[in-house]
Amino acid sequence: MSETSQRQLGDSDSPIEDALEHAFRRMVDEGTQRLHRSWREVLVTGFFGGTEIAVGVLAYLSVLHATHDPLLAGLAFSIGFLALLLGRSELFTEGFLVPVTTVAAKRASIAQLLKLWSGTLVANLVGGWVLMWLIMAAFPKLHAQTIESASHYATAPLSGETFALALLGGMVITLMTRMQHGTDSVLGKIAAAVAGAFLLAGLQMFHSILDSLLIFGAMIAGDAPFGYLDWLQWFGYTVVGNIVGGLGLVTLLRLLRSKDRLQQERSAAESD
């Protein structure tokens with residue numbers, strides 16, 4: 001079917017389907033606001049993102065301690081993603097689809113994207129560390145479970161299996177973002193958050209922020225068979241895998257799908 005026919009069949013004159021046009025417009029509008037934040041706004045929003053993920057980690061550890069079932073614990077972790085969704089905070093790995101689409105549409109610069117990524121990443125880790133310290137102080141009964149859970153990640157060497165887990169982790173979190181931007185339904189957004197948590201935490205994929213907070217908790221608890229250097233080595237390849245998975249397996253394919261609409265938006269941005 002020609003592009004002209006597609007335009008005539010839809011309610012708008014967009015070169016993509018109406019549903020995709022709606023999602024594209026929502027992403028660019030949201031991404032423009034997020035990428036034009038000041039450093040203060042980026043850091044505070046990222047700090048809240050870290051603390052909210054830590055609340056999800058608390059739920060995960062509590063259910064895992066009680067049931068020894070990682071799938072149920074993964075569902076409990078969805079509390080963290082729901083807090084991110086409803087609290088409008090920022091998680092580093094959520095910054096692939098929407099901000100990259102916005103930069104590709106020329107509604108923001110690469111420098112602004114790097115500011116968002118770097119500020120959010122650091123603030124997520126700092127906020128998460130602070131809350132994990134409080135959690136370990138408040139719930140000493142979870143120390144052993146935290147160390148056991150964190151060891152799965154912190155002691156994992158770089159291999160084809162572990163890098164694949166990091167790729168999948170980046171893909172799942174970006175897919176969750178894509179699903180949430182594909183609907184106006186709050187229930188639909190919540191369902192996407194629960195599904196993402198079930199896959200990511202329940203199947204123990206490697207996620208640079210979530211699993212870092214588990215590792216931080218184990219080191220704060222004491223007697224962990226690893227230290228911050230071990231975490232840094234694990235974090236290095238995991239964050240690369242998350243970025244490659246999120247950008248390569250979801251974001252770039254979405255941009256390719258909306259190539260004509262993206263070019264239209266770039267032309268409009270250049271003429272503004």
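Bear in mind that the values in this text are calculations on the coordinates, not laboratory data. The model shown is predicted, which means the values in this text are computed figures rather than measured ones. As a convention, Cβ positions derive from the backbone with ideal geometry for all residues, glycine included, and neighbour counts pool all protein chains shown.
Annotation for A19 and A191: the two label points, set 7 Å from Cα along the Cα-Cβ direction, are 1.2 nm apart. Of the peptides 91-103, 18-30, the order by per-residue mean of other Cβ atoms within 10 Å, starting with the highest, comes out as 91-103, 18-30. Using only side-chain charges placed at the Cβ, +1 for Lys and Arg and -1 for Asp and Glu, the dipole size of the chain relative to its Cα centre rounds to 340 debye. The GNM of the chain, with springs linking C-alpha atoms under 10 angstrom apart, assigns the highest mean-square fluctuation among T174, T45, T155 to T155. Report the one residue of V130, H22, S62 whose Cα lies farthest in the direction of the positive end of the charge dipole of segment 4-134 (charges on C-beta: Lys and Arg +1, Asp and Glu -1; origin at the Cα centre). Ranked along the dipole, the leading option is V130. Helix 18-35 and the long axis of the chain differ in direction by around 60°, with both axes built from C-alpha atoms. Compared with the direct C-alpha span, the chain from S109 to Q263 gains 53.8 nm at full extension, assuming 0.36 nm per residue. Taken one residue at a time, the phi angles of segment 156-167 give Karplus couplings (6.51, -1.76, 1.60, θ = phi - 60°) of 7, x, 5, 8, x, 5, 5, 5, 5, 5, 6, 4 Hz. Gly and Pro are set to x. Length gained on full extension, L256 to W133: 40.0 nm, using 0.36 nm per residue less the C-alpha separation. P(r) tail, segment 16-262: Cα-Cα pairs separated by more than 28 Å, 28% of all pairs. Axis angle, to the nearest 10 degrees, between helix 210-221 and the longest C-alpha principal axis of the chain: 20 degrees. Label sites at D184 and R40, each approximated as a point 7 angstrom past Cα along Cα to Cβ, lie 3.5 nm apart.
Angle of helix 110-138 to the longest C-alpha principal axis of the chain, folded into 0 to 90 degrees and rounded to 10: 30°. Applying 0.36 nm per residue to the separation of L249 and T67 and subtracting their alpha-carbon distance, the gain on full extension is 62.2 nm.
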